[in-house]
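Working notes for the structure below.
Just so it is clear, none of the values below were taken in a lab; they were calculated from the coordinates. Because the structure is predicted, anything quoted here is derived from the model rather than measured. Please note: Cβ atoms are built from the backbone with ideal geometry, for glycine as well, and neighbour counts cover all protein chains shown.
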Amino acid sequence: MSRYRLQPTPVQEAALLEHCGHARYVWNLAVEQHAHWRPGLKSAPGFAEQCRQLTQARAEFGWLRAGSIIVQQQALKDFAQALANFFGGTHRRPGWRRRGRGEGFRIVAVKPGDVRRVSRNVGEVRVPKVGWVRFRWSRAVPVGVRSYRVTRDAAGRWHVAFAAIPAPVPGPGTGGVVGVDRGVSVSAALSTGELLNAPTLRDTEKRRLLRLLRGLARAERGSNRRGRVKAAIARLKAREVDRRKDWVEKTSTDLARHFDVIAVEELKIGSMTRSAKGTLAEPGRNVRQKAGLNRGILANGWGLLVERLEHKAPGRVQKINPRYTSRTCNACKHVAGKSRESQALFLCVACGWRDNADVNAARNIRDTAAGHAVAARGGAGLPEPVNREPQHDRLPVG
Ligand SMILES: [Zn+2]
């Protein structure tokens, strides 16, 4: 995802706002339908059913029909994704969208000619029913853009973010396998012993954010100052998100380039989030800290990292059942929950092996995958080609 400053003319801005309005209207309809749903009731309409309802609504309302069906359908898709995130335990329940807050819409089925550079610093993107809209060509637009999202921030600035499937990165051809574990105390641990941390805000930025948040609490509702403070907070948070995304791109490219097989845990977001709470008999340590960390990793990093790995190393990513990876001693293979001394330290109760807990898990993941790889070589051969069509409903939003 690369984001660019969009520079619409006043006439175009009005048309973009109309798209935003349609997306918001459709989203809020979906929210309303799900607000009435309670466990035990017949299920609330799913995406397919909502699309049928959208067709009906368009037949009924001329103003909705006049808008772009892509914008409206994608709003439903975004909602379906938001709902999946909610049930996965990583996000809050999707709520109402209000005018002027987090407005945006998504366009899919973008053709190669729909994005072009017109001069050194200026590009243009074709927006359905709006036409060519200029944007600042602040860096190269990725090749193979399949979809993009247009957003308007609280400060009234427009952005366009392009999503493309990155080109595969060739592996080294040495047969090297690496295990990657979602760390608890770090963002990711490698079986090589390397610990990777996704960047966060710098200390000075964190202090500034804290100051702004305190200022926000004091600022009067509806005041100009409140608006300014909110915009400054949004900018800082966006900076952190951008840094994490850059980190994901760099890390996934590095892994794809240096290893032929990249083994990761099969992602089970729900159980990961639950594990921070621990059980009654064995309460999780640093629950609050870890819960916050989990949210951060889940929301910003891990899922995206695996997705990018699958794009850049198609057929070379192996997903491993994480069942015993954190409780097995990598040295003697003894399995015991008690060997996990703390979140950060693994100390084998059988052989006394001591290691960073995340690295120990990463090595177990690597070894499991290496076993698979050996079996695959003797059998059907190399990984099958994967479908490289983009999965729009899994593209990161925002
Ligand atoms: Zn051991």
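Numbers at a glance
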| read-out | value |
| --- | --- |
| Within-13-Å neighbourhood charge of PRO172 [Cβ basis; K, R +1; D, E -1] | 0 |
| Charge dipole (debye, nearest 20) of the range 311-372; +1 at Cβ of Lys and Arg, -1 at Cβ of Asp and Glu | 200 |
| Cα Rg, Dmax (largest Cα-Cα span) when computed across the range 197-261, Å | 17.0, 57 |
| Rg to Rh quotient for the range 1-157, alpha carbon positions, Kirkwood Rh | 1.00 |
| Distance in nm between pseudo-label sites at CYS332 and TRP96 (7 Å out along the Cβ direction from Cα) | 6.2 |
| Percentage, to the nearest whole number, of Cα pairs in the range 95-169 over 21 Å apart | 31 |
| Dipole of the range 80-183, positive direction: furthest Cα of GLY175, ALA154, ALA164, with charges on the beta-carbon | ALA154 |
| Neighbour cut-off at most 10 other Cβ (10 Å), DSSP loop, trypsin sites (Lys or Arg not before Pro), the range 87-145 | ARG92, ARG98, ARG99, ARG120, ARG139 |
| Of the GluC sites (Glu not before Pro) in the range 307-363, those whose Cβ has at most 14 other Cβ within 10 Å and which sit in DSSP loop | GLU341 |
| For the range 303-343: rounded, prolate or oblate by the Cα gyration tensor [a/c cutoff 1.5] | prolate |
| DSSP-assigned coil residues among chymotrypsin sites (Phe, Trp or Tyr not before Pro) in the range 71-130, each with at most 14 further Cβ atoms within 10 Å | TRP96 |
